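To keep things clear, I will list the structure first and then write my remarks on it.
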Amino acid sequence: MRLSALLALASKVTLPPHYRYGMSRPGSLADKRKNPPGTRRRPVAVEPISDEDWYLFCGDRVEVLEGKDAGKQGKVVQVIRQRNWVVVEGLNTHFRYIRQTKDDRGNMVPSEAPLLHNQVKLVDPVDRKPTEVEWRFSEAGERVRVSTRSGRIIPKPEFPRADGIIPETWIDGPKDTSVEDALERTYVPRLKTLEEEVMEAMGIQETRRHRKVYWY
């Protein structure tokens, strides 16, 4: 396990009960602008879907069913489970301005808008057409997604992170900090100053005595 993963666990953001999820990462500057502290945004009704029934993951090939890009296929690049949203690469895009100032209107860049889970369908690898899926157990006892039309297993993709690392296939190298070393307690709090600790470690004996000082 990498040290960055341990630090990520320690830096998790505590969200208020009325927090409203969006496209921005919780705790980022863009998220704080939309959810400023002390404000309560209108709650959004979200269809409850358990983690066992959820079947869309980053890296899946899906086809859009509604909107201006209906019938087009693309890859899922982001999943927001709290809102049942998926973001498809290059589809359902809109244009927005960034770096706007009083004198400059900024640059117009495309941005993918999220789609609800029922607005997309997984693509069957047999005929490259959208299909319904259901969870089943394979002969080896593994829970897999199966196309209801062709009976083909649709494996979960191994989608790399932003740094290109796939956690399931990562192997610690000689320069990676192990979990045991990261959790090992090496610091013992003491009431001595740094100078006193250095003198004790180096075996230096202090023979001088402080002169009396009167503060008045």
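If you go through the stretch 130-150 and keep only what is of a type in the set (S, T, N, Q) and open to solvent by less than 50 Å² (accessible area, probe 1.4 Å), you end up with Thr131, Ser138, Ser147. Every test in (1) surrounded by 10 or more Cβ atoms within 10 Å (Cβ to Cβ); (2) at pLDDT 80 or above; (3) of a type in the set (D, E, K, R) is passed by Arg33 save one, and that test is (1). Restricting attention to the stretch 57-84, report how many residues are in a strand (DSSP E or B), more than 15 Å from Ser111 (Cα to Cα) and in contact (Cβ under 8 Å) with a residue 24 or more places away in the chain. Adding up the residues that qualify gives 6. Against the test of being loosely packed, with under 10 Cβ neighbours inside 10 Å and either over 29 Å from the mean Cα position of the chain (by Cα) or at pLDDT below 85 (or both), the options Asp172, Asp163, Asp127 yield a single qualifying residue, Asp163.
Please go through the stretch 70-116 and give me each residue that is of a type in the set (S, T, N, Q) and either in contact with a helix residue (DSSP H, G or I) (Cβ under 7 Å, 6 or more places away or on another chain) or surrounded by 11 or more Cβ atoms within 10 Å (Cβ to Cβ) (or both), ordered by number.
Initially, the stretch 70-116 is screened for residues of a type in the set (S, T, N, Q), giving 73, 78, 82, 84, 92-93, 100-101, 107, 111.
Those that are of a type in the set (S, T, N, Q) and either in contact with a helix residue (DSSP H, G or I) (Cβ under 7 Å, 6 or more places away or on another chain) or surrounded by 11 or more Cβ atoms within 10 Å (Cβ to Cβ) (or both): Gln73, Gln78, Gln82, Asn84, Asn92, Thr93, Gln100, Ser111.
The values are calculated or read from the model by the stated rules, or taken from the named source; none is laboratory data. Just so it is clear, the model here is predicted, and its values are computed rather than measured. Reconstructed Cβ throughout: ideal geometry from the backbone, glycine too, with neighbour counts over all protein chains shown. Side chains included, ligands, DNA and RNA excluded: accessible areas come from the protein's heavy atoms. Shrake-Rupley method; radii C 1.70, N 1.55, O 1.52, S 1.80 Å.
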